[in-house]
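Pasting in a structure now, in structure tokens, and then I'll have a few things to ask.
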Amino acid sequence: MADPTTSSPFDLVILGAGSGGYACALRASQLGLTVALVEEDKIGGTCLHRGCIPTKALLHAAELADGARVAASHGVLTSFEGIDTAALHARKDKVVAQLHRGLTGLIGQAGIEVVSGRGRLVDTSTVEVEGEGGTTRLSGRTVVLATGSYARTIPGVELGPRVMTSDRAMDLAEIPQRVAVLGGGVIGVEFASMLRSFGAEVTVVEALDRIVAAEEPSISKHLTREFKKRGITTLTSTRVASVEADEHRAVVHLEGADPLEVDLVMVAVGRGPRSEGIGLEEAGVTLERGFVPTDERLRTDVEGVRAVGDLVPGLQLAHRGFAHGIFVAEDVAGLDPRPVDDVTIPKVTYCDPEIASVGLSTEAAKGAGHDVETVTYPLGGNGRSIIRGTTGSVTLVRAKDGPVLGVHMVGLGVSELISEAQLVVGWEAHPEDVATLVHAHPTQGEALGEAAMLAAGRPLHAHA
């Protein structure tokens, strides 16, 4: 077989067309750089096809189902007859397809060279792509690693018809009656919330002492309490010993607790970096537990090779990938952009109630040496939240006599408050600055303003 032909050098060869990869490609093209974008599946990656977008489409349907159940209490007469899974998935797939068409159109209009196939790093400036038409070699002045992540599993737990990760759980043909969700992090609580709204009996099993352990303890406590009200069981400080399953049922054996007999086991123990089999170590790129460590400018320890998104240690979020990709494109183009700071990246968990946070937690702020003041404003004092029927809170963490270091929220609708909270933290605003801003009434945004007023020592609808 003839050796593959190596292309003329591109300014950027990007390995992976998920959030980080395609954002990097689009921005680089805008800046006049030549770009080759390598993808073995579909442009858009996990977020568009198996993560952010389809799961939120399902979670919106779950919200509608819950709304139908309680509509009569608001004076709206309706009936809830169950879930049509075929229609559910048709709607979800339509949303994904619409966004995919738009994205591929943007990529095409930008003049980006899309190369279909599985790519691997041959050396520090060459990516070899195996596709249906044979093998192609792409040369790049800079190579960007944007291969993303995969759904982790539990060692010894075999996947099958009744045991699956989120990748397959999004396409269930029918709603199971009993579900065990192994893992109480973001993915676990989102699916637990969704499946409960669709009518399943759900138990969340978490090895740590609380669910959503990356959030403030008060948020974990509130979510646990609200899950209990909804009929979702949470078993914390509980480890999985083994899972037995056949085509019809599964049994989860727990350490120190009774086994769970269920119809479906969903493994939601986080995501791992997709770094195996793509030539990184052979090319001299250092790996740490599968991740690719970088400096603040997303440079690996190999000259000319950058890494972005879930491959880089830190928050595994699509919008972090977008930011990484844009940063690398601008840095390569010589614009000297400001590095991406994980602390100012907002996090949202779309369960019911929602969770949204940005900045430092109370514990992290103290660990960083700050003299910390923390205030909490309950959504029970917010008119719009009462109208929407939600409870929860907005917590501000500030340095004593200094700026807001973190904002942590829980409650229906708080995902839409996080952008303002991000500006407050990112611009190092003091509560006194935010307290003077007038928020529209009645909105949930007032709760963030009220929390700032409370932290500034001038509360209106709360006690200092």
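Small (G, A, S) and either under 30 Å from E174 (Cβ atoms) or open to solvent by 30 Å² or more (accessible area, probe 1.4 Å) (or both), is that true of A23?
So A23 fails the test.
Okay, moving on. Please state which one of L223, L280, L264, L311 is in contact with a Phe, Trp or Tyr (Cβ under 8 Å, 6 or more places away or on another chain), crowded, with 16+ Cβ neighbours inside 10 Å and in contact (Cβ under 8 Å) with a residue 60 or more places away in the chain.
L311
Going by the conditions given, is S29 open to solvent by 10 Å² or more (accessible area, probe 1.4 Å), more than 23 Å from T126 (Cβ to Cβ) and either touching a strand residue (DSSP E or B) at 6+ places or on another chain (Cβ under 6 Å) or in contact (Cβ under 8 Å) with a residue 12 or more places away in the chain (or both)?
So S29 fails the test.
For region 101-124, which positions are touching a residue at least 40 places away in the same chain (Cβ under 8 Å) and open to solvent by less than 50 Å² (accessible area, probe 1.4 Å)?
Scanning region 101-124 gives L103, I107, A110, I112, V115, G117, G119, L121, V122.
Check V340, V328 and return the single one that is surrounded by 19 or more Cβ atoms within 10 Å (Cβ to Cβ) and outside any helix (DSSP H, G or I).
Selected residue: V340, the only one of V340, V328 that is surrounded by 19 or more Cβ atoms within 10 Å (Cβ to Cβ) and outside any helix (DSSP H, G or I).
Within region 393-401, is even one residue of a type in the set (G, A, S) and under 26 Å from the mean Cα position of the chain (by Cα)?
Checking region 393-401: at least one residue is of a type in the set (G, A, S) and under 26 Å from the mean Cα position of the chain (by Cα).
In region 162-179, which residue that is open to solvent by 80 Å² or more (accessible area, probe 1.4 Å) and in a loop (DSSP other than H, G, I, E, B) is farthest from H49 (Cα to Cα)?
Q177
Can I ask one more? Being of a type in the set (D, E, K, R), part of a loop (DSSP other than H, G, I, E, B) and at positive phi is the requirement here; does D352 meet it?
Criteria not met by D352.
Would you be able to say whether some residue in region 237-260 is part of a loop (DSSP other than H, G, I, E, B), β-branched (V, I, T), open to solvent by 30 Å² or more (accessible area, probe 1.4 Å) and under 23 Å from I187 (Cβ atoms)?
No, region 237-260 contains no residue that is part of a loop (DSSP other than H, G, I, E, B), β-branched (V, I, T), open to solvent by 30 Å² or more (accessible area, probe 1.4 Å) and under 23 Å from I187 (Cβ atoms).
Next up: When G51 is evaluated against the numbered criteria (1) at pLDDT below 95; (2) in contact with a helix residue (DSSP H, G or I) (Cβ under 9 Å, 6 or more places away or on another chain); (3) open to solvent by 40 Å² or more (accessible area, probe 1.4 Å), which criterion, by number, is the only one it fails?
(3)
Kindly indicate the residue of region 299-308 that is of a type outside the set (A, V, I, L, M) and crowded, with 24+ Cβ neighbours inside 10 Å and also nearest to A17 (Cα to Cα) among those meeting that condition.
R306
Which residues, taken from region 283-297, are touching a helix residue (DSSP H, G or I) at 6+ places or on another chain (Cβ under 7 Å) and open to solvent by less than 10 Å² (accessible area, probe 1.4 Å)?
V292
Look through region 267-277, keep the residues that are farther than 26 Å from A192 by Cα and not charged (D, E, K, R), and return whichever of them is surrounded by the most Cβ atoms within 10 Å (Cβ to Cβ).
That would be S275.
The values are calculated or read from the model by the stated rules, or taken from the named source; none is laboratory data. Treat the numbers as computed from the prediction; the structure is a model and nothing was measured. So basically every Cβ, Gly included, is an ideal-geometry build from the backbone, and we count neighbours across all protein chains shown. Quick note on the areas: whole protein, heavy atoms, side chains included, nothing else; ligands and nucleic acids left out. Shrake-Rupley method; radii C 1.70, N 1.55, O 1.52, S 1.80 Å.
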